[in-house]
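One structure is given here, and the rest of the page talks about it.
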Amino acid sequence: MNDELLAPFRAAPERAGIFTDFDGTLSRIVEKPAEARPVSGAREVLSRLGHRFSVVSVVSGRAAGELLEWLGDDIEIWGVHGAETVVDGHVVLSKRAEPYRDLMTRVLTEAQHRVAALGIEGVVVEDKRVMVGLHFRAAEDVERAGALLDGIADDLVQEFGLQRAGGRLAFELRPPETFTKQDIVLARTREADLEAVLFAGDDLVDLPAFDALDTLASEGVATVRVAVASDEAPTELVERADVVVAGPEETIEFFERLLS
Ligand SMILES: [Mg+2]
């Protein structure tokens, strides 16, 4: 790797920011998301970075509370793609998510009523603070449960003007506001008036953060894109990266080089 890339970070850490994903970047990918933990040395190196650089920020799709527990509060934490953050050691909705708190509380209550009225076992309504999950993995007749929840989700989207996401065995109701890593990287870089910005990630949802770095580079900010390569890493992420590391342990080694 070309060490010149890191020169602006070493020269003026008080004007530099380090942004990083969590799963696959600071932790190994595991079968059950709840079992993920940061690799050895991650918390320590982030803490040291946090004391040296203007902004050190973990930006993840996970709940902010988990990241706070595992990584501590020497760094910034953005959970649920920026819908949650941590202030004074407590998880709060971010400024952009806060206006949707009441709306999503009403959606949660409505979803709970309608799902309960179905009277089928094994369906779960999950309170994700500013999002609502509808799960049917554990239903006896998954297909029927899925079709019924699909109808409820569609109705709620229409009635409350929501966005919908989700996979094969769960649906997610989201407020009419998009949360991506791009927004966080751009907003924090501008708020902190950074001159050098780095982002490390391993997955498709990290591409918007690389987009943010492209925008910042066009405005004269020094940028470094770090991709964590794996069998599952998207080709585009690796191709667009300035630095490729082989796994989360190497991410930690790379961060240590920033401190040396
Ligand atoms: Mg990841």
Taking R0 as 41 Å, what's the FRET efficiency between Val142 and Ala63 from their Cβ-Cβ distance, rounded to 0.05?
0.95
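In what sequence, highest mean first, do 89-96, 225-232, 150-157, 72-79 appear when ranked by Cβ atoms within 10 angstrom?
72-79, 225-232, 150-157, 89-96
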List residues of the stretch 167-204, by number, whose backbone nitrogen lies under 20 Å from a label position 7 Å along Cα→C-beta of Asp231.
202-204
Other-chain or far-sequence residues with amide H under 5 Å of Ser27's (modelled H)
Val39
Taking other Cβ within 10 Å of each residue's Cβ, how do Leu134, Leu118 sort, fewest first?
Leu118, Leu134
So, in nm, how far is label Ala170 from label Val238 when the simple model puts each one 7 Å beyond its Cα toward the Cβ?
2.9
Which lysines does Lys32 reach when only Cα atoms under 27 Å apart count, and residues fewer than 8 places away in its own chain are ignored?
Lys128, Lys181
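How large is the dipole of the chain about the Cα centre if only Lys and Arg carry +1 and Asp and Glu carry -1, each at its Cβ, rounded to the nearest 20 debye?
440
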So for the stretch 159-260, taking the charge dipole from beta-carbon charges (+1 Lys/Arg, -1 Asp/Glu), which of Pro175, Phe255, Ala192 sits furthest toward the positive end?
Pro175
So how do 16-28, 34-46 stack up, highest first, on mean other-Cβ count within 10 Å?
16-28, 34-46
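For every helix of n ≥ 4 consecutive DSSP H residues, a contribution of -39,500 (n - 2.57) applies; sum these over the chain, divide by its total residues, and give [θ] at 222 nm rounded to the nearest 500 deg cm²/dmol. Intermediate values should be presented prior to the final figure.
Details: 9 runs with 102 residues, N = 260.
Result for the chain: -12000 deg cm²/dmol, rounded to the nearest 500.
How do Lys181, Lys32, Lys128 line up, fewest other C-beta atoms within 10 Å first?
In increasing order of surrounding Cβ atoms, one gets Lys32, Lys128, Lys181.
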State the answer as a single residue: which of Gly119, Ala138, Val107 lies farthest towards the positive end of the charge dipole of the stretch 99-174, with beta carbon charges of +1 for Lys and Arg and -1 for Asp and Glu, about the Cα centre.
Val107
Taking θ = phi - 60°, what integer Hz values does the Karplus form 6.51 cos²θ - 1.76 cosθ + 1.60 yield along the stretch 207-214, in sequence order, with x for Gly and Pro?
4, x, 5, 5, 4, 4, 5, 4
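Any read-out appearing in this document is the output of simple, stated calculations on the displayed coordinates, not a laboratory observation. Quick caveat, the model's predicted, so the values are computed rather than measured. Virtual Cβ from ideal backbone geometry, glycine too; neighbours counted across all protein chains shown.
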